[in-house]
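Notes for the one structure printed next.
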Amino acid sequence: MSQMPWLRDLHAQIPGKKVRIGMIGSGSRGNLLQLYLRDIPQCEMSCVCDNYPPNLEAGLAIAGKQAKAYSNHIEMLEKEQLDAVVVATPLSEHAHIVLDALNAGVHVFCEKSMALTIEDSDNMVRAQQKTGKILLIGHQRLFNVKYQRAIQLIKDGKIGPVTHMRAYWHRNNDWRRPVPSPELERKINWRLYTEYSRGLMTELASHQVQVANQILNEVPQCVWGSGSTNYWKDGREVEDNVSLVYKYSCGTHLIYDSINSNQHYGLEEQVMGPKGTLELEGGRMWQEVVPPAPGILQLINQIENKLFDAIPIGGASWVPETAVKNKGEYIYDEVLESDGTKMEMEAFVAMVRDNRFVPELLRQGFYATVASLMGYEAIQKNQIVYWPSNLSL
């Protein structure tokens with residue numbers, strides 16, 4: 001728990017005190033959040049709001065018979081006596097809904113990324129500062145014990161100073177969802193259209209950029225990159241592959257790529273230093289200095305080294321740099337099935353119950369959004385994009 005100071009004491013039980021929460025947006029992600037909220041004793045799911053009837057019905061089925069139904073969030077905020085709302089709508093809807101809720105005196109959990117633009121994201125921060133209400137952005141790796149354990153190992157110097165980072169998120173699917181009627185295409189598949197989303201950058205990259213920012217305890221100076229649609233030529237407006245380089249003031253770079261046409265490598269965040277390497281998703285660490293191989297393996301290594309050392313190429317000896325074969329050591333003793341979302345929901349309810357705002361959590365969500373949108377802009381403009389000035393945080 002020490003590596004997650006924002007969770008300390010948040011889970012203390014207060015008998016009889018319920019947090020009344022309204023759900024805004026009950027699609028697939030919203031339903032998952034509702035399932036976790038439903039199991040929290042201090043939480044009462046008071047109402048569900050969605051302007052797509054099938055989603056509204058699904059949300060009500062999870063929330064229970066006591067929950068009221070709304071198709072307009074303004075009406076819900078006016079009629080219900082809520083402590084908080086959870087916003088899990090398409091990205092383009094985040095900013096104005098969050099502003100309405102904060103200005104109505106309600107605490108807010110909003111799924112990542114914060115908004116479609118940096119300006120809107122900054123306006124959300126300003127509204128939080130003005131109202132004093134809680135605003136928590138959905139970055140579950142901040143609540144993932146495995147990730148926070150890895151970050152603590154980095155801070156403890158186990159791999160030395162961080163000199164390089166790589167992150168990737170690879171899938172092999174069209175990212176589409178079934179559409180019952182053609183006029184609902186953009187409503188249901190909003191992630192594929194720039195009016196509603198920034199594609200891979202806001203839906204996936206924002207998670208991993210947040211991790212990089214937290215590890216280095218700074219934001220990127222600038223980013224450059226490229227993207228295209230080279231496989232799913234189906235009318236989508238967002239790229240199906242992106243590749244970027246984020247540069248930090250300490251001299252470290254984050255090399256990032258995401259694709260929708262191959263899933264062999266899956267997703268991972270790799271952190272490297274002179275003493276070792278950490279893979280956060282896999283939860284493993286490799287040390288650069290390892291004990292000599294025993295017995296016959298040591299003999300084989302000696303023979304191979306002598307063999308390759310004796311081969312002249314271009315006048316100098318050449319020893320091939322091959323990847324480490326061992327599987328590393330796991331950084332956490334238990335098998336962790338949760339990605340952190342469950343603990344994130346528990347923490348949000350506790351924060352609302354105690355009226356306790358944690359500035360670092362909003363800072364992490366805000367900076368991850370800004371960096372992701374910088375990456376999107378770099379791809380669109382084909383130029384280096386620098387960290388903006390005059391932000392609220």
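The values are calculated or read from the model by the stated rules, or taken from the named source; none is laboratory data. This is a predicted model, so every value here is computed, not measured. Heads up, the Cβs are rebuilt from the backbone with ideal geometry, glycines too, and the neighbour counts pull from every protein chain shown. Please note that ligands, DNA and RNA were not included when accessible areas were found on the heavy atoms of the full protein model with its side chains. Shrake-Rupley method; radii C 1.70, N 1.55, O 1.52, S 1.80 Å.
Quick notes on this one:
- Only one of the numbered conditions (1) surrounded by fewer than 21 Cβ atoms within 10 Å (Cβ to Cβ); (2) within 18 Å of the chain's Cα centre (by Cα); (3) part of a strand (DSSP E or B) is not met by Ser258, and that is (1).
- Those residues of region 1-36 which are modelled with pLDDT under 95, part of a loop (DSSP other than H, G, I, E, B) and within 28 Å of Tyr147 (Cα to Cα), in sequence order: Met1, Ser2, Gln3, Met4, Arg8, Asp9, Leu10, His11, Ala12, Gln13
- The residues of region 353-372 that are open to solvent by 10 Å² or more (accessible area, probe 1.4 Å) and either in a helix (DSSP H, G or I) or hydrophobic (A, V, I, L, M, F, W, C) (or both), listed by number, are Arg353, Asp354, Phe357, Val358, Pro359, Glu360, Arg363, Gln364, Tyr367.
- Residue match in region 91-109 (condition: open to solvent by 20 Å² or more (accessible area, probe 1.4 Å), under 30 Å from Val211 (Cβ atoms) and among the hydroxyl-bearing types (Ser, Thr, Tyr)): yes
- Taking every residue in region 222-236 that is without any contact (Cβ under 8 Å) to a residue 24 or more places away in the chain and pairing it with any residue that is open to solvent by less than 50 Å² (accessible area, probe 1.4 Å), at least 6 positions away or on another chain, the pairs with Cβ-Cβ distances below 7 Å are Ser228/Glu239; Ser228/Asn241; Thr229/Arg236; Thr229/Glu239; Thr229/Asp240.
- With respect to being closer than 26 Å to Asn189 by Cα and either under 23 Å from the mean Cα position of the chain (by Cα) or buried (at least 20 other Cβ atoms within 10 Å of the Cβ) (or both), Cys43 falls outside the description.
- Among residues of region 237-255, those that are assigned to a loop (DSSP other than H, G, I, E, B), in contact with a strand residue (DSSP E or B) (Cβ under 7 Å, 6 or more places away or on another chain) and crowded, with 18+ Cβ neighbours inside 10 Å, counted: 3
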